[in-house]
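Report on the following structure.
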Amino acid sequence: MLAAMGAWDLRSNHNVLRNYPILGHLRYMLEFVRPELRQYFFESETSGRPFNREQRDLINARADGGSDTSPFGTRRDMEGAGFDFVQHSMAPKDVDSRHARLVIGGPQCRVPYNSSRLNISAMSFGALSGNAVAAMNKGAKLGNFAQDTGEGAISPYHREHGGDIIWEIASAYFGCRYQDGSFDPDEFKKKACAEQVKMIEIKISQGAKPGHGGLLPGSKVNQEIADTREIPVGEDCLSPASHPEFDTPIGLLQFMARLRELCGGKPVGFKLCLGHRAEFMGVCKAILETGIQPDFITVDGAEGGTGAAPAEFSDFIGTYINEALPFVHNCLVGIGKREEIVVIASGKVALGFDMAEKIALGADMCNSARAFMFSVGCIQAQRCHTNTCPTGVTTQDPARAKSLEVNVKAVRVRNFHDATVKSLLDIVGTLGLDSPDRLGPEHIFHRPEHGPARTYADIHPKVEVGDFLRDAIPEDYLQDWQQASAQYF
């Protein structure tokens, strides 16, 4: 057998095997288990990516309902460039639990939604297993918060336990489409008017692959997913990069107004990863020209995750959430609409401090995806795109998915949510504030590579209400504002 293997290796296309027959296989065996060896034995508590072990352990501790305390001091490099922190007050306050929620719905919304400050971010059935979707939805029901469906439509697993749903409508219009992929208003109306559906979110782009359509490998497209999305079984499921229904900022707002009318006046907004700043400003100009405005805007950070994305899109395209939020916030303040439009931050939110930071930088509330994946058993194996997830979270393999016990994991989902929101309120009180709404960029300190830490208020321009309407536009924004148009992206 060894002789046969050696003879085969000598004719292999692999250079290592041709030079080192038989022994060369050891190299490929070690390479195969390298990610596991690094994650379990060689990573420090704070060096792992995308989420380090310290973050994952804290999420799991909160999901289990256990202690989230830490001994012997911080492991973080407080002198390192990029370190963010807040400063406490000598007169901390107890923050009332009512500030854990807020109402979403502007003046054009007839059925506002009383939302938690933290909800489950967009993850589709297909990207997640049915058991994972069901566990998250049941957890949302137990904790009185919402689950975003992702672009893969409303599945039976979203409906099974009756948790609140935010229905995401993307460019392929899954769940409300004709056979040619165009939007079906009658199908949308029938589903969107269901009591369980609380809001409608139009997906323009997502952080992990901005400017790129969605992708679900054909190996995951079983009959159940095909029925939910109204697509063929076993074929790669590709979403177009842009929406067929509109191609201008005004068109986006008109489509949004159409959806709001079809769904009975529920909150409707859109999600994007910030790209060309002039294009977002074009939406702001369209709001002023048409009088149509979103009830909410979800800002997805370029550091966001997904089950499958081209590597360059994940690594090099889009705006980091901590830079995108102040810009979006300032633009809405500048046109005088900030108080009427809720801003949702969606980008690597896992802990209470993450929520406090995002709210201080311009958000009102947060969505989280991967943290809730950890709460249902994800171990960051990073096999989401292979259909071989070892924990049954991101696979359509029934044998693997059945390991995820819905009732047990639903409690973990609820526990993680409640503990994280409590952590947010505790941090807000520690700063001497009585509500998260009082957080601002002046509360978050950022340590640059050289020099002392500065607050984000010193880093980003200050915009007063209505500045853009009276041509008092900061120099950093002026060129983009002049290029922006409501007529084109």
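The values are calculated or read from the model by the stated rules, or taken from the named source; none is laboratory data. Only a predicted model underlies this, so the values are computations on that prediction, with no experimental measurement involved. Virtual Cβ from ideal backbone geometry, glycine too; neighbours counted across all protein chains shown.
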Worksheet item: Restricting the first residue to the stretch 85-107 and requiring it to be closer than 24 Å to V268 by Cα, which pairs with a second residue that is among the small types (G, A, S) and part of a loop (DSSP other than H, G, I, E, B) meet a Cβ separation below 7 Å and a spacing of at least six or different chains?
Response: H99/S435
Response to the item:
Going through the stretch 343-385 in order, the residues found to be free of Cβ contacts under 8 Å to residues at least 40 places away in the same chain, surrounded by fewer than 24 Cβ atoms within 10 Å (Cβ to Cβ) and under 26 Å from G429 (Cα atoms) are D354
Fill in: helices (runs of 4 or more DSSP H) contained entirely in the stretch 298-366, each with at least 3 residues that are closer than 18 Å to H446 by Cα and in contact with a helix residue (DSSP H, G or I) (Cβ under 8 Å, 6 or more places away or on another chain)
321-334, 352-360
Worksheet item: Which of (1) exposed (fewer than 15 other Cβ atoms within 10 Å of the Cβ); (2) in a strand (DSSP E or B) does W167 not meet, given it meets every other one?
Response: (1)
Discussion item. Here are the criteria: (1) without any contact (Cβ under 8 Å) to a residue 60 or more places away in the chain; (2) under 29 Å from V349 (Cα atoms); (3) not acidic (D, E). Tell me which single one G251 does not satisfy.
Written reply: (2)
Fill in: Single condition Q147 does not satisfy, out of (1) part of a strand (DSSP E or B); (2) of a type outside the set (D, E); (3) over 19 Å from the mean Cα position of the chain (by Cα)
(3)
Worksheet item: Quick one: which of L17, L58 is of a type in the set (A, V, I, L, M, F, W, C) and under 28 Å from I321 (Cα atoms)?
Response: L58
Worksheet, complete the sentence: Of the listed residues (V111, V103, V95), the one being among the β-branched types (V, I, T) and assigned to a strand (DSSP E or B) is V103
Fill in: Subset of the stretch 35-66 (residues that are over 21 Å from S368 (Cβ atoms) and either among the hydroxyl-bearing types (S, T, Y) or modelled with pLDDT of 85 or more (or both))
Y40, S44, S47
Worksheet item: Within the stretch 381-390, is there a residue that is touching a Cys at 6+ places or on another chain (Cβ under 6 Å) and at pLDDT below 95?
Response: yes
Worksheet item: If you take the residues in the stretch 150-176 that are under 20 Å from S205 (Cβ atoms) and small (G, A, S), which one is nearest to the chain's Cα centre (by Cα)?
Response: G150
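Yes/no matrix, rows are residues, columns are (1) in a loop (DSSP other than H, G, I, E, B); (2) farther than 30 Å from L274 by Cα; (3) at pLDDT 95 or above; (4) touching a Gly at 6+ places or on another chain (Cβ under 6 Å):
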| site | (1), (2), (3), (4) |
| --- | --- |
| D186 | no, yes, yes, no |
| G207 | yes, no, no, yes |
| G211 | yes, no, no, no |
| A241 | yes, no, no, yes |
Fill in: Residues of the stretch 349-365 that turn out to be farther than 16 Å from I104 by Cβ and of a type in the set (V, I, T), as a count
1
Practice prompt. For the stretch 262-275, enumerate the residues that are in contact (Cβ under 8 Å) with a residue 60 or more places away in the chain and in a loop (DSSP other than H, G, I, E, B).
Written response: C263, G264, G265, K266, P267, C273, G275
Item to complete: Could you check, for the stretch 470-482, whether at least one of its residues is surrounded by 15 or more Cβ atoms within 10 Å (Cβ to Cβ) and out of contact with any helix residue (DSSP H, G or I) (no Cβ under 6 Å at 6 or more places or on another chain)?
Response: yes
Fill in: Whichever residue in the stretch 305-335 is over 26 Å from F125 (Cβ atoms), more than 17 Å from the chain's Cα centre (by Cα) and modelled with pLDDT under 95 and, among such residues, is surrounded by the most Cβ atoms within 10 Å (Cβ to Cβ)
E312
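Kindly indicate which of K209, K220 is under 22 Å from A302 (Cα atoms) and not aliphatic (A, V, I, L, M).
None of the other options fit; the residue is K209.
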Worksheet item: Among the residues of the stretch 1-18, which ones are more than 48 Å from the chain's Cα centre (by Cα) and either acidic (D, E) or surrounded by 13 or more Cβ atoms within 10 Å (Cβ to Cβ) (or both)?
Response: G6
Worksheet, complete the sentence: For the stretch 185-206, pairs from a residue that is under 24 Å from G301 (Cβ atoms) to a residue that is of a type in the set (A, V, I, L, M) and in a loop (DSSP other than H, G, I, E, B), with Cβ under 6 Å and 6 or more apart or across chains, are K203/A170
Worksheet item: When only residues in the stretch 232-256 that are out of contact with any helix residue (DSSP H, G or I) (no Cβ under 8 Å at 6 or more places or on another chain) and surrounded by 17 or more Cβ atoms within 10 Å (Cβ to Cβ) count, which is farthest from L216 (Cα to Cα)?
Response: G251
Worksheet item: of a type outside the set (G, A, S) and touching a Phe, Trp or Tyr at 6+ places or on another chain (Cβ under 7 Å): does that describe F183?
Response: yes
Discussion item. Please list, ordered by residue number, the helices (runs of 4 or more DSSP H) wholly in the stretch 24-85 having 3 or more residues that are under 30 Å from L2 (Cβ atoms).
Written reply: 24-32, 34-37
Worksheet item: Within the stretch 181-189, is there a residue that is polar (S, T, N, Q), at negative phi and buried (at least 24 other Cβ atoms within 10 Å of the Cβ)?
Response: no
